[in-house]
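Trainee: Sharing a structure below in structure tokens format, with a few things to ask.
The values are calculated or read from the model by the stated rules, or taken from the named source; none is laboratory data. Everything quoted here is computed from the prediction, not taken from an experiment. Cβ placement follows ideal geometry from the backbone for every residue including glycine, while neighbour counts extend to all protein chains displayed. These area figures cover heavy atoms from the full protein model, side chains too; ligands, DNA and RNA do not enter into them. Shrake-Rupley method; radii C 1.70, N 1.55, O 1.52, S 1.80 Å.
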Amino acid sequence: MKIIIAPDSFKGSLSAENVAKALKAGFYPYFPKATYHLIPMSDGGDGFLAAMLHNTTGQLYPINVTGPNNNQITTTFATIDHGQTAVIETASASGLELATTKDPLHATSYGTGELIKAALDLGVSKIILGLGGSATNDGGAGLLQALGLKLLDHDGNVLSFGGAALKNLATIKTDAFDQRLQTTKIILASDVIAPFIGPKGASFVFGPQKGASEKDVNALDKALQHFAQVIYQTTQKDITNVSGAGAAGGIAGGRIGI
């Protein structure tokens, strides 16, 4: 008999790998002769990197990046396919479990952008980005800023971090945006179908679990609406109702739009 155990993590309790081991321990007394295959899974959020590496040969790279509260943290990403593909977990740099305080108005995805930049510096041709478990609601603005995008207000000043600041966005400058992204394939790994904005979008669906009050949710949604408008003016890409664009506080939408 073959038993395949392929669970996701129990959020905030057990990793997917430890869930698989616990389930095996439960089955084993009744099926001691069975062959067990433990295959930890992930929906793109916490544990995505570990799940990807469980049955794949890869190399880990430790790196210091900017955490969600603009604090320095140490995290990792990996390469697989003989160094051609990078595997990056958003939650490992911008995750809710890393937040010293739940502050979706100001939390930034900048650290995830730093991971992408580090992967590009290694010369990878593909990046698999796991989306989920983020503390952020900035539409991926921080991620894009880490890769050279300039987000400026009406006075030409660089916007501060966080989704709330997007209401002041006037101009997006792409001249310093990392051109290596044009030739690097990026796969967004997510099970989220939420659009960028609206009652089923990033702010309304996921904002409360990140600490957003009702007032905050409305402010963040309006800020993302404005961000989407300026993105459209800049790139002619409409991300407002793209299915899945609301993943990881809108990181998916920001990446799709720029």
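Trainee: Expressed as a whole number of Å, what is the distance separating the alpha-carbon centroids of region 79-95 and region 6-48?
Mentor: So the two Cα centres are separated by 22 Å.
Trainee: For residue 221, what is the net charge nearby, where nearby means another residue's Cβ is under 12 Å from its Cβ and Lys, Arg count +1, Asp, Glu -1? Kindly include the intermediate steps, with their values, before the conclusion.
Mentor: Values: positive: 167, 200, 215, 222; negative: 214, 216.
Value of the local net charge: +2.
Trainee: Which whole-number value in Å² is the accessible area per residue of the chain, probe 1.4 Å?
Mentor: Details: 12160 Å² over 258 residues.
Normalised by residue count, the accessible surface of the chain is 47 Å².
Trainee: Using a/c under 1.5 as the rounded threshold, could you call region 17-109 rounded, prolate or oblate? The axes a ≥ b ≥ c are square roots of the C-alpha gyration tensor eigenvalues, and prolate needs a/b larger than b/c, oblate otherwise. Kindly include the intermediate steps, with their values, before the conclusion.
Mentor: On the way: a/c = 3.58, a/b = 1.71, b/c = 2.09.
Oblate is the answer for region 17-109, as a/c is 1.5 or above yet b/c matches or exceeds a/b.
Trainee: Tell me the carbon and sulfur percent of the accessible area for the chain, rounded to whole percent, probe radius 1.4 Å. Please list the in-between numbers first.
Mentor: Working: 6430 of 12160 Å².
It is 53 percent, rounded to a whole number.
Trainee: Please give the calculated 222 nm ellipticity per residue for the chain, where each DSSP H segment of at least 4 residues contributes -39500 (n - 2.57) and the sum is spread over every residue; nearest 500 deg cm²/dmol? Could the numbers behind the result be given before it?
Mentor: Working: 8 runs with 79 residues, N = 258.
My calculation for the chain gives -9000 deg cm²/dmol from helical runs alone.
Trainee: Is the C-alpha gyration tensor of the chain telling us rounded, prolate or oblate? Criteria: a/c under 1.5 is rounded; beyond that, a/b larger than b/c is prolate, otherwise oblate.
Mentor: Working: a/c = 2.23, a/b = 1.65, b/c = 1.36.
Judged from the Cα gyration tensor, the chain comes out prolate (a/c at least 1.5, a/b above b/c).
Trainee: From the cross-link list 11/102; 24/102; 126/237; 185/222, which pairs have alpha carbons spaced over 25 Å apart?
Mentor: Details: 11/102 17 Å; 24/102 35 Å; 126/237 23 Å; 185/222 31 Å.
Those over the limit are 24/102; 185/222.
Trainee: Based on the alpha-carbon gyration tensor of region 48-188 and its eigenvalue square roots a ≥ b ≥ c, which shape applies: rounded if a/c is under 1.5, prolate if not and a/b is larger than b/c, or oblate? Show your work: numbers first, answer last.
Mentor: Details: a/c = 2.50, a/b = 1.43, b/c = 1.75.
Oblate, since a/c reaches 1.5 and b/c is not below a/b.
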